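Report on the following structure.
The values are calculated or read from the model by the stated rules, or taken from the named source; none is laboratory data. Small disclaimer: the values here were computed from a predicted structure and weren't measured. When we count neighbours, we look across all protein chains shown, and the Cβ atoms used for this are built from the backbone with ideal geometry, even at glycine. Just the protein is used for accessible areas: all its heavy atoms, side chains included, with ligands, DNA and RNA removed. Shrake-Rupley method; radii C 1.70, N 1.55, O 1.52, S 1.80 Å.
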Amino acid sequence: MRLITVIVPCYNEEDVLPMFYEEIQKVMAQMQEEHHELEFELLFIDDGSRDKTLHILREMALHDQRVRYISFSRNFGKEAGMYAGLENARGDYVVVMDADLQHPPAFLPKMYNYVKDGKYDCATTRRVSREGESKIRSAFARLFYKIMNKISQTEIVDGAQDFRFMSRQMVDAILQMPEYNRFSKGIFSWVGFRTKYIEYENVERPAGTSSWSFWGLFRYSLEGIFAFSTAPLAVAAILGALTIFIALVLIVVLIVKACLVTDADLRFLTALTIFCLLSGLQLFCTGILGQYLSRTYLESKQRPIYLMRENEEIYRARVAERERK
Ligand code: UDP
Ligand code: MG
């Protein structure tokens, strides 16, 4: 038998979870019909949801032995959710997908076909359109990928998503990267292995809302840059050198002026300009250093990536206990 674990991070997804469950059940049945060796496990991660998500998961776990879940003590973010899923998955193959049906379960049979013979270690989707997304957001996303791929050795494919069908080997490789500041798009690419990209058009959410704000995404993209590139450090050094060079030229100009022009008095303005330029740049460079320092600081604390409050085992035991009384 071959076990496939489907990991689904959920944050306030009460509206779409039932729809997702229905869809995935259809796909699981279809795949089992085609491949008799397949078994499934659904591993939901409740990322500190404030709505009925946990309630729905409990119900599902009681009625369906294939359903497992981990509920966090608070919202730790999708990255932590994916990590918790990978760490607790028991499958020979592991799928990571969103609950909002933007990662269509109908792709799973196709993905399995790529991975099952060992030809590929991972199958994933790549959005070729960003339809349904705001223009500004798409423009910034594109800019991010352009910059990222210029300054980092790790290639981040534009449109690549956290919708992945992976072999056990690749999952174990990812688990060897227990870093605190996680940027999965980078991590997936960093571990290597053979990846098949399946292209598809963007799908919109049937219900609920995206929990990413513009600033949230912006911060996340900075995470990607700082986690997978040290180029900003080099930028600081280059800018510093450039400023010193400009200052030297200005000094020469000032000396020449002082010798040749008798009535021009630009000293105050020049001094002020240099002062602003230098102190501004210094602050900027220190700021960049601070980014790395703060991350080193967090990393060195070795904090857990997530904390569990409840899972399906705890809940099933509690219910069994209640029934015995
Ligand atoms: N998600 C999560 N924790 C969070 C935010 C989101 O587990 O703090 C989950 C969410 O439930 C969904 C997936 O991550 O299954 C993608 O989130 P969303 O649809 O909001 O992002 P988008 O599709 O807009 O990138
Ligand atoms: Mg979504």
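Suppose we filter PHE214, PHE226 for residues that are closer than 30 Å to ARG127 by Cα and either among the β-branched types (Val, Ile, Thr) or touching a Pro at 6+ places or on another chain (Cβ under 8 Å) (or both); which single one remains? So that I can check it myself, show each step before the final result.
Details: PHE214 fails: either among the β-branched types (Val, Ile, Thr) or touching a Pro at 6+ places or on another chain (Cβ under 8 Å) (or both).
Step by step, each of PHE214, PHE226 is checked, and only PHE226 is closer than 30 Å to ARG127 by Cα and either among the β-branched types (Val, Ile, Thr) or touching a Pro at 6+ places or on another chain (Cβ under 8 Å) (or both).
On the given criteria, is LEU293 outside any loop (DSSP other than H, G, I, E, B), open to solvent by 90 Å² or more (accessible area, probe 1.4 Å) and modelled with pLDDT under 75? Step through it out loud before you land on a result.
Working: outside any loop (DSSP other than H, G, I, E, B): yes; open to solvent by 90 Å² or more (accessible area, probe 1.4 Å): yes; modelled with pLDDT under 75: no.
The answer is no for LEU293.
Do you know which residues across the stretch 218-231 are in a helix (DSSP H, G or I) and modelled with pLDDT of 75 or more? Lay out the reasoning, then the answer.
So the first thing to find is which residues in the stretch 218-231 are in a helix (DSSP H, G or I), and the list is 218-228, 231.
Selection gives PHE218, ARG219, TYR220, SER221, LEU222, GLU223, GLY224, ILE225, PHE226, ALA227, PHE228.
Hey, can you tell me all the residues within the stretch 64-89 that are assigned to a loop (DSSP other than H, G, I, E, B), open to solvent by less than 40 Å² (accessible area, probe 1.4 Å) and under 21 Å from VAL16 (Cα atoms)?
ASP64, GLY77
Out of the stretch 119-153, which residues are open to solvent by 50 Å² or more (accessible area, probe 1.4 Å) and of a type in the set (Val, Ile, Thr)?
Matches in the stretch 119-153: VAL128, ILE136, ILE147, ILE151.
Restricting to the stretch 192-217, what's the tally of residues that are under 16 Å from ILE156 (Cβ atoms) and open to solvent by 30 Å² or more (accessible area, probe 1.4 Å)? Write out each step before concluding.
Narrowing the stretch 192-217 to residues under 16 Å from ILE156 (Cβ atoms): 192-193, 195, 197, 217.
Filter again for open to solvent by 30 Å² or more (accessible area, probe 1.4 Å), leaving 193, 195, 197, 217.
Qualifying residue count for the region: 4.
Is it the case, given these coordinates, that GLU199 is over 30 Å from ARG90 (Cβ atoms), modelled with pLDDT under 85 and within 12 Å of ligand 1 (Cβ to nearest atom)?
Numbers: over 30 Å from ARG90 (Cβ atoms): yes; modelled with pLDDT under 85: yes; within 12 Å of ligand 1 (Cβ to nearest atom): no.
So GLU199 does not fit the description; no.
Of the residues that sit in the stretch 300-323 and are open to solvent by less than 70 Å² (accessible area, probe 1.4 Å) and not β-branched (Val, Ile, Thr), which one is farthest from GLU179 (Cα to Cα)? Before you say what the answer is, go through the steps one by one.
If we filter the stretch 300-323 for residues that are open to solvent by less than 70 Å² (accessible area, probe 1.4 Å), which is where we start, we get 305-306, 310-312, 315-317, 319-320.
Still in the list and also not β-branched (Val, Ile, Thr): 306, 310-312, 315-317, 320.
On the way: TYR306: 12, GLU310: 24, ASN311: 24, GLU312: 27, TYR315: 30, ARG316: 32, ALA317: 33, ALA320: 38 Å.
Taking the candidates together, the pick is ALA320.
Based on what the data block shows, is ALA61 within 19 Å of GLN161 (Cβ to Cβ), open to solvent by less than 20 Å² (accessible area, probe 1.4 Å) and out of contact with any Gly (no Cβ under 8 Å at 6 or more places or on another chain)?
On the way: within 19 Å of GLN161 (Cβ to Cβ): no; open to solvent by less than 20 Å² (accessible area, probe 1.4 Å): yes; out of contact with any Gly (no Cβ under 8 Å at 6 or more places or on another chain): yes.
In short, no.
For the stretch 90-114, which residues satisfy the criterion of being open to solvent by 10 Å² or more (accessible area, probe 1.4 Å) and away from ligand 2 (no atom under 16 Å from the Cβ)?
Scanning the stretch 90-114 gives ARG90, ASP92, TYR93, ALA106, PRO109, LYS110, ASN113, TYR114.
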